[in-house]
Amino acid sequence: LFIEPAALSRLREELEVLRIEEDCEVRRILYQLTDEIAGYEEVMRDNLRMLVKLDVIFARGKLSSDLGAVEPEINTDGRIELAGARHPMIPADTNVPLDFRLGGGARGIVITGPNTGGKTVAIKTVGLFALMAGSGLHVPCERADICMANQVLCDIGDGQNIADNLSTFSAHIQNVLDILKRVTRESIVILDELGSGTDPAEGMGIAVAILEQLRESGCLFLATTHYPEVKTYAAGHEEILNARMAFDRENLKPLYRLEIGKAGESCALYIAKRLGMPDDMLEMAAQRAYGGISRELKTELRLEEGQKVRLPKLPSPTLEKMQNRKALQNRYSSFNRGDSVTVYPEQVIGIVVKPEDDMGNVLVQVKKEKRLINHRRLKLKVAASQLYPEDYDFSIIFDSVENRKARHQMGKHHVEGLVINAGADGE
């Protein structure tokens, strides 16, 4: 309930009138200024265009300064050469510079090498630099010679989508087919994990077919893969170069260095060893992959004879049996007189008049009406112990005024003809 003193009512009305007058004055000033500016619309638009141009120039300069970037040379001969290229999203203290060249006789590169070895970062760096140069930006490297491209077409990452009923493989193929429809000789195409997400033999065949289409289009393209057959296909065509990400087998660590002209291996066992896979699991993996494990591979993987080390188990949630949950619910299902409860499904508030009976029904007063309601439809809102003192007289809530007066008179002496409704408070 809101009560406004009469003395304030007049002041409030006056304040509202002043606010309206203030708003009208603001609008009048703005309309007048707008009208005066309208005569200089073309000049203002020219100023705005110049400010935008200056803002973009200064933003490019600040970005170049922050990244330590250089101005790239631009060509239209389909040639990309990068020296000491650094992906701007990788911290400088962990960034391994990329040396890259493509163009002239070779139009495509197939990059192989270990997982987590930097293949995807390498192709993303090339694609990003092509877009930056095409946008008039400097690029973070020591030297760059980048060709103009009419479009940079990419299929990178996992496009799995339940809503569209796309699997990982379906998403890749859908993207690649769209790329093949759009590609021209002036395009740059970047494909990650070519042919992955399906049967290895069929995936390899599809990867080779895609590369053949790209080779025939004459575009520049970069692709990463783990298929040995794709490396063999690349070696058989002078327009395509093999490349690999270097891996230090002695220390079981990737070096993140691109080596063009050499085919690499996935080094999955070495990576798994570095990431903590136990020796007995590595030995079984090698047995399944190669039909045996050579002494040389054992030495390189540093496998110890007969070592059985199980992966440590992390704490996990446990299942709770249904009967235990029911028992727990029953322990807390009773209600006390005076408890404030919520009645479902109406979600109205009531007060417990009488605790539940043998049938599980509770007498609840809802809006001065007493109703028997099953305890499962009730949820405790506030316990009576938090609402009332210990010796509180609940008849004040549950009994009528007439009955309370009658009880008071009956407590003093007998009154002829006096009637009390004994069930009014549920007792």
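The values are calculated or read from the model by the stated rules, or taken from the named source; none is laboratory data. Computed from a predicted model, the values in this text were never measured in an experiment. Cβ: placed from backbone, ideal geometry, glycine included. Neighbour counts: every protein chain shown.
Quickly run through segment 72-119 and pick out the residues that are among the small types (Gly, Ala, Ser) and either touching a Pro at 6+ places or on another chain (Cβ under 7 Å) or surrounded by 15 or more Cβ atoms within 10 Å (Cβ to Cβ) (or both).
Filtering segment 72-119 down to residues among the small types (Gly, Ala, Ser) leaves 78, 83-85, 92, 103-106, 108, 113, 117-118.
Once the filter is applied, which keeps residues that are among the small types (Gly, Ala, Ser) and either touching a Pro at 6+ places or on another chain (Cβ under 7 Å) or surrounded by 15 or more Cβ atoms within 10 Å (Cβ to Cβ) (or both), segment 72-119 yields GLY78, ALA83, GLY84, ALA85, GLY103, ALA106, GLY108, GLY113, GLY117, GLY118.
Determine whether GLY61 is of a type outside the set (A, V, I, L, M), at pLDDT 90 or above and assigned to a strand (DSSP E or B).
no
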> Looking only at segment 15-39, which residues are surrounded by 10 or more Cβ atoms within 10 Å (Cβ to Cβ) and either small (Gly, Ala, Ser) or modelled with pLDDT under 90 (or both)?
Replying inline: ILE37
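Determine whether SER340 is at pLDDT 75 or above and surrounded by 12 or more Cβ atoms within 10 Å (Cβ to Cβ). Walk me through how you get there before you give the answer.
Details: at pLDDT 75 or above: yes; surrounded by 12 or more Cβ atoms within 10 Å (Cβ to Cβ): yes.
Taking the combined requirement at face value, the residue satisfies it.
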> Within the group ASP164, ASP145, which residue is charged (D, E, K, R), at pLDDT below 85 and not in a helix (DSSP H, G or I)?
Replying inline: ASP164
> Across segment 140-158, what is the total count of residues that are under 21 Å from VAL70 (Cα atoms) and not small (Gly, Ala, Ser)?
Replying inline: 8
> Being assigned to a strand (DSSP E or B), out of contact with any Cys (no Cβ under 8 Å at 6 or more places or on another chain), modelled with pLDDT of 80 or more and closer than 29 Å to ALA106 by Cα, is that true of even one residue in segment 260-282?
Replying inline: yes
